[in-house]
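One structure is given below, encoded as structure tokens.
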Amino acid sequence: MNQTTWRSPSNIALIKYWGKKGNQLPMNPSLSFSLDKAFTETTIIFSGGTDSNKVDVSLTFEGHKNKHFEDRIAKFVNSISEYIPSLKGLRLEIDSYNSFPHSSGIASSASSMSALALGLVSIEHKLLGQITHFSDFQQKASFIARLGSGSAARSVYGGYSVWGATPDNSLFSNEYAMDINDLIHPVFKTYGDAILLVTNKEKKVSSTVGHQLMESHPFADSKFTESFKNMELMLEVMKKGEQQDFALLTELEALSLHAMMMTSNPSFLLMEPQTLSIINKIRDFRLQTGLPVCFTLDAGANVHFIYPDKDVKLVKSFIESELLPYCVQKQWIDDKVGLGPVRLT
Ligand code: DP6
């Protein structure tokens with residue numbers, strides 16, 4: 001059967017991508033880990049092989065025809081067919097679903113675009129069989145995923161990855177992400193991430209608009225400079241296994257991201273009062289227990305509470321008693337650093 005299915009995770013950035021240039025190139029490098037439970041599963045059935053230069057796409061999302069997504073994905077697939085010419089003339093029937101609810105505020109672009117990119121590169125491989133190393137396959141999938149959504153470039157790897165060129169490591173690139181698991185201390189590889197769902201309302205401002213606002217942002221240049229420095233520091237701290245410094249740096253990056261939103265013109269605020277209550281609780285907990293726990297934030301109100309897995313018992317009872325009262329219907333996702341995408345066919 002001419003079919004490919006990939007399950008690909010969402011990821012959470014510790015050093016944030018916020019601001020882009022050219023064709024989906026980041027203004028500063030970013031670092032993230034892939035999640036375990038939050039993923040998209042995408043099946044592509046391919047057929048045809050006409051002379052046409054077009055890729056014919058039909059799409060169902062969670063079992064239903066979705067014209068809006070279909071148009072977007074058809075446009076995307078046709079735009080990247082110059083990099084995967086064997087797609088031209090094919091008919092693709094795409095079916096996709098997310099493991100997390102649409103209203104949970106978890107960004108689905110990273111998981112959905114990476115799952116799609118992995119599928120498209122698999123089709124190329126099935127038809128041409130030119131890629132011999134899995135790392136080349138991943139790199140190409142990351143490149144294609146990036147063109148769909150920047151953060152998706154990082155989701156093609158398990159554990160930790162970096163997307164964006166840095167002055168210190170010539171392997172890092174703006175074009176695709178790289179696996180950095182060999183560069184970091186094992187203590188970080190089993191961290192937990194409790195995603196605390198603060199709201200199920202639609203975001204007030206999309207990431208696309210947020211990135212655009214960075215183009216005229218008065219503090220943009222210093223933000224990018226700081227994120228370059230934070231990336232260098234983060235790689236050092238993670239190599240050495242310095243968990244307390246990791247916690248402080250992660251929080252600094254998260255709040256710097258939201259500071260950019262608050263000082264854009266027009267300004268916007270994605271945190272809710274419960275977001276701040278949770279942040280304060282986590283900081284108090286760190287102070288009282290000395291545990292190297294921390295929070296980070298995506299472009300939304302939800303809080304990612306990040307902790308070493310050896311402290312899971314204490315952390316979970318803290319979540320239950322102190323943090324869940326701030327979550328919408330006490331909802332949270334008990335996630336952790338994940339192993340990355342899985343090919344299901
Ligand atoms: C705050 O990757 O969603 O999550 O490239 O326009 O699709 P596009 O943006 P997107 O931006 C993600 C921003 C972020 C930080 C991050 O994941 O690095």
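In table form, for the structure just shown:
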{"item": "Distance in nm between pseudo-label sites at K239 and Q212 (7 Å out along the Cβ direction from Cα)", "result": "4.0 nm"}
{"item": "Residue order, fewest to most surrounding Cβ atoms within 10 angstrom, among Y307, Y191", "result": "Y191, Y307"}
{"item": "Gaussian network model of the chain, springs between alpha carbon atoms under 10 Å - residue of S267, S206, S170 with greatest fluctuation", "result": "S170"}
{"item": "FRET efficiency for N78 and K21, using Cβ-Cβ distance with R0 set to 30 Å, rounded to 0.05", "result": "0.80"}
{"item": "Net lengthening on full extension, E202/K54 (0.36 nm per residue, minus Cα-Cα)", "result": "49.9 nm"}
{"item": "Point-to-point label distance, N265-D168, nm (Cα→Cβ direction, 7 Å offset)", "result": "3.5 nm"}
{"item": "Gain on full stretching of the segment that runs from L276 to K330 - 0.36 nm per residue minus C-alpha separation", "result": "17.8 nm"}
{"item": "For E226, E202, order by how many other beta-carbon atoms lie within 10 Å, fewest first", "result": "E202, E226"}
{"item": "The chain - mean residue ellipticity at 222 nm from DSSP helices (-39,500 (n - 2.57) per run, n ≥ 4, rounded to 500)", "result": "-11500 deg cm²/dmol"}
{"item": "Which of K203, K316 has the fewest Cβ neighbours within 10 Å, and the rest in rising order", "result": "K316, K203"}
{"item": "Lysines whose Cα lies under 25 Å from that of K126, excluding same-chain neighbours fewer than 8 positions away", "result": "K54, K75, K88, K140"}
{"item": "Cα pair distances in the stretch 190-317, grouped into 10 Å bins until the bin that holds the longest one, percent each", "result": "12, 39, 35, 14, 1"}
{"item": "Cα-based Rg of the stretch 277-345 normalised by 2.2 N^0.38 Å, two decimals", "result": "1.24"}
{"item": "Under 28 Å from the Cα of K310 - lysines, other chains or at least 8 residues apart", "result": "K16, K37, K189, K239, K240, K281, K330, K336"}
{"item": "Percent of Cα-Cα distances greater than 34 Å, calculated over the chain", "result": "23 percent"}
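Read-outs throughout are calculated quantities, based only on the coordinates presented, and are distinct from any laboratory measurement. Values in this document were obtained by computation on a predicted structure and should not be read as measured data. Positions of Cβ are backbone-derived with ideal geometry, glycine not excepted, and every protein chain shown enters the neighbour counts.
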